[in-house]
Amino acid sequence: MYQKFNKRLEGQTALVTGSSSGIGSAVALAMAKEGANVIVNYVGDETGAIKVVDFINNDEVSGSAISIQADVSKEDQVQDMFQKGISHFGTIDILVNNAGLQKDAAFQDMTLAEWQKVIDVNLTGQFLCAREAIREFLKRGPRPEISAAIGKIICMSSVHEVIPWGGHANYAASKGGVMMLMKSMAQELGPKKIRINSIAPGAIKTPINKNAWDTPEAEKELLKLIPYNRVGETSDIGSVAAWLASDESDYIHGTTIFVDGGMTLYPGFYGNG
Ligand code: NAD
């Protein structure tokens, strides 16, 4: 049986978007291990979502999770998801805006549809979910016995909120947008005791970037960008997210935590550059 670490999230409910796979599923599990109820959002992969929910609910973790389907870029579906989640668990305390995708293309070949889809899911999706979460936090008000903040939002950004990425202009623009969305929300809502931050992963082994690490040659190339010399695992993000949602990090507000093995250290400049 899993030890529920410090039970740092006991009595709280976390909604993790896009958590039927990859980083989202590790974040969902990490929250559950800390005692939080978890809403596993998925858009198409019901089997993946059920697997995550079953894993959390089984004897090993003995947590409490449900899955809810919603496309985070659709306002009505997001509102419906929050309604269902709140009516099941009573409220939502933590939102992890994790859902995201890539549609890569050389700039001159990028279609409007490729541009728009990435902005819709990665940026507008974060706005829509954050707005519903904030409405719920404000409506419900403080529960100091549960958490110092009335609610917490973690935006899954990327090192590409600061590192330009040729061939991925839509993705880098969406994550740059997430940075300013997060900071603007944090500035506006801090006085209301809503705590908002981002996590910016570097290269983490998930389906989104499989071709960058799934052969030894590809992994060797990728490691040139990572001073700490290993590709990240999804649990590297899960553990930071659980801590960032807990009161242990209560004074961290409006910032991005880079979890990237040093990818943002300009490794190409090592030696003579
Ligand atoms: P992933 O493809 O496993 O996860 C993305 C999830 O988002 C999937 O479950 C997918 O179904 C879901 N999703 C896509 N469109 C959606 C929609 N419209 N509504 C709801 N869910 C939707 O890849 P991942 O690497 O786990 O990515 C998770 C997040 O981490 C993304 O925001 C990604 O940009 C970010 N990120 C990943 C890395 C990395 O190296 N893997 C690096 C930096 C940032």
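The values are calculated or read from the model by the stated rules, or taken from the named source; none is laboratory data. Quantities reported herein were computed from a predicted structural model and do not represent experimental measurements. Cβ: placed from backbone, ideal geometry, glycine included. Neighbour counts: every protein chain shown. Heavy atoms of the whole protein, side chains included, go into the accessibility calculation; ligands, DNA and RNA do not. Shrake-Rupley method; radii C 1.70, N 1.55, O 1.52, S 1.80 Å.
Identify which of Ala212, Ala133, Ala241 has the largest mean-square fluctuation in a Gaussian network model of the chain, with springs joining Cα atoms closer than 10 Å.
Result: Ala212 has the largest fluctuation of those listed.
Please compute the per residue accessible area over the stretch 192-247 with all protein chains in place, 1.4 Å probe, rounded to a whole number of Å².
Dividing the accessible area of the stretch 192-247 by its residue count gives 50 Å².
Classify the stretch 38-106 as rounded, prolate or oblate from the Cα gyration tensor: take a ≥ b ≥ c as the square roots of its eigenvalues, call it rounded if a/c is under 1.5, otherwise prolate when a/b beats b/c and oblate if not. It would help to have the intermediate numbers written out before the result.
Values: a/c = 2.27, a/b = 1.35, b/c = 1.69.
Judged from the Cα gyration tensor, the stretch 38-106 comes out oblate (a/c at least 1.5, b/c at or above a/b).
Mind pulling the angle between the C-alpha long axis of helix 46-57 and the longest principal axis of the chain? Nearest 10 degrees, somewhere in 0 to 90.
The answer is roughly 60 degrees.
Taking square-rooted eigenvalues a ≥ b ≥ c of the alpha carbon gyration tensor, is the stretch 160-273 rounded, prolate or oblate, where a/c under 1.5 means rounded and, failing that, a/b exceeding b/c means prolate?
Since a/c reaches 1.5 and a/b is larger than b/c, the shape of the stretch 160-273 is classed as prolate.
Determine the equivalent ellipsoid of the stretch 211-257 by diagonalising the alpha-carbon gyration tensor, then write out the semi-axes as square roots of 5 times the eigenvalues, largest first, rounded to whole Å.
Equivalent-ellipsoid dimensions as semi-axes: 30, 11, 8 Å.
List the trypsin sites (Lys or Arg not before Pro) within the stretch 1-88 that fall in a DSSP loop (any state other than H, G, I, E or B) and whose Cβ has at most 13 other Cβ atoms within 10 Å. Don't skip to the end; give the middle numbers.
Details: sites: Lys4, Lys7, Arg8, Lys33, Lys51, Lys74, Lys84; in loops: Lys4, Lys7, Arg8, Lys74.
Passing sites in the stretch 1-88 are Lys7.
Where in the chain is the longest stretch that carries no chymotrypsin sites (Phe, Trp or Tyr not before Pro) classed as loop by DSSP and with at most 12 other Cβ atoms within 10 Å?
Between the exposed loop sites, the longest stretch runs 1-250.
Return one number: the angle in degrees, 0 to 90 and rounded to the nearest 10, between the long axis of the Cα atoms of helix 22-33 and the longest principal axis of the Cα atoms of the chain.
30
For the stretch 125-169, what is the accessible area per residue in Å², given a 1.4 Å probe and the full set of protein chains?
Ligands and nucleic acids excluded, the result is 39 Å² per residue.
From the phi of every residue in the stretch 132-138, what ³J(HN,Hα) in whole Hz does the Karplus formula 6.51 cos²θ - 1.76 cosθ + 1.60 yield, where θ is phi - 60° and glycine or proline is x?
So the Karplus estimates, Gly and Pro as x, are 5, 4, 5, 4, 5, 4, 5 Hz.
Please identify the GluC sites (Glu not before Pro) of the stretch 128-233 that satisfy two criteria: DSSP loop assignment and at most 14 other Cβ atoms within 10 Å. Which are they?
Glu145, Glu233
Which entries in Lys139/Lys193; Lys33/Lys84; Lys51/Lys210; Lys139/Lys175; Lys74/Lys205; Lys117/Lys175 show an alpha-carbon gap greater than 18 Å?
Lys33/Lys84; Lys51/Lys210; Lys139/Lys175; Lys74/Lys205
How far is helix 75-89 tilted off the main Cα axis of the chain, in degrees rounded to 10, range 0 to 90?
Helix 75-89 sits at roughly 50 degrees to that axis.
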